[in-house]
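First the structure, in the form of structure tokens, and then the observations on it.
The values are calculated or read from the model by the stated rules, or taken from the named source; none is laboratory data. These numbers were taken from a predicted model, which means no experiment stands behind them. As a convention, Cβ positions derive from the backbone with ideal geometry for all residues, glycine included, and neighbour counts pool all protein chains shown.
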């Protein structure tokens with residue numbers, strides 16, 4: 001099999017055994033130097049071959065004049081050299097490289113460099129390799145220990161992301177991991193001269209290790225293929241889309257960014273509606289939707305949109321109910337029998353015996369948080385909501401017993417997660433005004449909950465939009481069973 005054969009799949013991209021790096025300097029810390037340093041910091045276990053026309057050792061490794069001179073074929077070539085030097089470098093490595101990632105720009109963005117773009121594509125096609133980019137950051141693969149970010153690398157997860165923006169790829173990794181997401185892979189595609197969003201969507205769809213898919217898109221060249229893949233994906237895995245260039249101003253920005261021609265907002269809303277995809281409006285909504293959907297898998301339980309709100313702060317509860325209502329999610333009244341049951345377990349005066357359940361911190365403190373758990377157990381057993389949202393006001397609760405109450409409540413939420421009836425989801429919101437000392441403690445509590453599989457959100461409007469995304473996905477799956485959906489005629 002030749003390197004670059006499409007039937008080879010993307011395994012060698014996400015788990016490369018050999019990596020060549022062009023753009024390493026003995027005098028200046030170039031992008032190639034940084035890439036090698038990141039590989040080492042991430043614990044990459046394969047072989048690394050620096051490429052340089054004259055140097056014989058770089059970053060403590062033997063260097064080679066060209067890609068044709070390495071001791072063995074290359075799974076992944078990282079290229080960060082001037083644009084005019086890229087086509088001849090790849091042409092010299094015909095059938096010796098599986099994947100080439102070109103970080104360099106100057107291949108047609110903003111209408112410049114069209115000749116170099118054609119030469120690059122010719123070298124790739126004649127050389128039997130696949131190309132990421134140009135003008136891209138490459139891959140983030142926890143399984144392969146390959147990264148384009150600095151700092152500690154996260155563990156292997158089930159969220160697969162593709163992005164036509166390198167900068168947003170970094171944001172997705174950093175913000176996503178801060179929020180508890182773990183990735184099967186994040187790929188920056190750049191100008192998509194060869195490998196395009198459809199190729200990566202196909203990969204994530206077929207990848208057993210990916211359970212939810214995210215995509216930042218600026219342009220789709222083969223709209224029919226992308227549409228068909230989304231239909232296939234929604235029969236098995238949720239897809240969250242973040243589309244750049246949905247307005248006239250955004251379209252102009254996309255054209256200068258990647259040289260793409262973006263389509264308008266109505267087209268993408270129609271595509272999302274017909275395929276059951278989630279169309280996010282902001283990066284924050286994109287991450288929130290991935291957090292909510294990460295644990296759904298291929299057979300999500302039905303979600304009827306009924307939510308139980310529980311937490312301290314009457315005003316916050318009212319605003320949360322408003323946010324959920326605007327998102328199309330229900331906060332239904334409690335049944336009379338449920339209210340009677342709450343009265344029987346001794347809920348003291350001051351708690352609001354309705355949905356939202358407004359429970360002040362002095363009541364949450366009773367029995368070291370055990371009363372809060374009894375309230376939740378009673379209502380969940382009687383009402384069987386589709387989801388439970390527990391929201392806690394961090395600065396207020398931390399004022400009780402030097403913060404010990406907060407620790408008790410977070411552990412009560414974690415314990416509740418393991419005892420929930422089938423089909424009931426649990427979400428935690430840790431509210432904070434943002435002071436640095438509080439943020440550090442919120443991060444610690446959030447990490448504790450996320451490690452136990454409890455999705456954590458930074459605010460009530462965020463969890464409302466995430467629940468709306470979950471509702472959209474589950475309702476679409478219920479209305480379009482996979483077999484019937486895939487066998488139906490395609491819309492025109």
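For the reader, a short list of remarks on this structure follows.
- Single unsatisfied condition, residue 53 versus (1) on the phi < 0 side of the Ramachandran plot; (2) within 30 Å of the chain's Cα centre (by Cα): (2)
- For residue 200, the stated conditions hold: it is crowded, with 23+ Cβ neighbours inside 10 Å and at pLDDT 95 or above.
- Counting the residues of the stretch 421-433 that are exposed (fewer than 15 other Cβ atoms within 10 Å of the Cβ) and in contact with a helix residue (DSSP H, G or I) (Cβ under 9 Å, 6 or more places away or on another chain) gives 2.
- With respect to the conditions (1) surrounded by fewer than 24 Cβ atoms within 10 Å (Cβ to Cβ); (2) closer than 19 Å to residue 35 by Cα; (3) under 23 Å from the mean Cα position of the chain (by Cα), residue 169 lacks only one, and its number is (1).
- In the stretch 119-136, the residues that are touching a residue at least 60 places away in the same chain (Cβ under 8 Å) and part of a loop (DSSP other than H, G, I, E, B): 127, 128, 129, 133, 135
- Failed condition for residue 333, given (1) modelled with pLDDT of 90 or more; (2) in contact with a helix residue (DSSP H, G or I) (Cβ under 8 Å, 6 or more places away or on another chain): (2)
- Residue within the stretch 137-146 that is outside any loop (DSSP other than H, G, I, E, B), under 22 Å from residue 41 (Cβ atoms), modelled with pLDDT under 95 and not assigned by TED's automatic domain parsing to the domain that holds residue 46 present: no
- The C-beta contact set for the stretch 433-444 (first residue farther than 19 Å from residue 179 by Cβ and not assigned by TED's automatic domain parsing to the domain that holds residue 180, second residue at pLDDT below 90 and not in a helix (DSSP H, G or I), distance under 7 angstrom, 6+ apart or interchain) is empty.
- Qualifying residue in the stretch 309-328 (condition: surrounded by fewer than 16 Cβ atoms within 10 Å (Cβ to Cβ) and in contact with a strand residue (DSSP E or B) (Cβ under 7 Å, 6 or more places away or on another chain)): yes
- Boolean, residue 221 is surrounded by fewer than 19 Cβ atoms within 10 Å (Cβ to Cβ), assigned to a helix (DSSP H, G or I) and either touching a strand residue (DSSP E or B) at 6+ places or on another chain (Cβ under 9 Å) or assigned by TED's automatic domain parsing to the domain that holds residue 272 (or both): no
- In the set 41, 45, 26, only one residue is at pLDDT below 95 and surrounded by fewer than 17 Cβ atoms within 10 Å (Cβ to Cβ); that residue is 26.
- Among (1) farther than 21 Å from residue 320 by Cβ; (2) part of a helix (DSSP H, G or I) - the single one residue 421 does not satisfy: (2)
- Filter result (touching a strand residue (DSSP E or B) at 6+ places or on another chain (Cβ under 6 Å) and at pLDDT below 95) within the stretch 358-385: 358
- Residue 192 passes every criterion in (1) outside the structural domain of residue 83 (by TED's automatic domain parsing); (2) at pLDDT 95 or above; (3) buried (at least 23 other Cβ atoms within 10 Å of the Cβ) apart from (2).
- Residues in the stretch 157-196 that are part of a loop (DSSP other than H, G, I, E, B) and touching a helix residue (DSSP H, G or I) at 6+ places or on another chain (Cβ under 8 Å): 164, 165, 179, 180, 181, 189, 190, 191, 192, 193, 194.
- Filtered residues of the stretch 355-369 (kept if crowded, with 18+ Cβ neighbours inside 10 Å and in a helix (DSSP H, G or I)): 361, 364, 369
- Tally of residues being part of a helix (DSSP H, G or I) and exposed (fewer than 14 other Cβ atoms within 10 Å of the Cβ) across the stretch 268-298: 3
- Selection count where residues are surrounded by 15 or more Cβ atoms within 10 Å (Cβ to Cβ) and farther than 20 Å from residue 413 by Cα, scope the stretch 332-353: 4
- Total residues in the stretch 444-467, condition part of a helix (DSSP H, G or I), touching a strand residue (DSSP E or B) at 6+ places or on another chain (Cβ under 9 Å) and surrounded by 14 or more Cβ atoms within 10 Å (Cβ to Cβ): 11
Quick grid of which residues meet (1) more than 13 Å from residue 467 (Cα to Cα); (2) at pLDDT 85 or above; (3) over 17 Å from the mean Cα position of the chain (by Cα):
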| residue | (1), (2), (3) |
| --- | --- |
| 228 | yes, yes, yes |
| 256 | yes, no, yes |
| 260 | yes, no, yes |
| 277 | yes, yes, no |
| 293 | no, yes, no |
| 303 | no, yes, yes |
| 308 | no, yes, yes |
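- Any chance residue 328 is at positive phi and either in the same structural domain as residue 244 (by TED's automatic domain parsing) or at pLDDT 95 or above (or both): no
- Take the conditions (1) modelled with pLDDT of 95 or more; (2) in contact with a strand residue (DSSP E or B) (Cβ under 9 Å, 6 or more places away or on another chain); residue 180 misses just one of them, which is (1).
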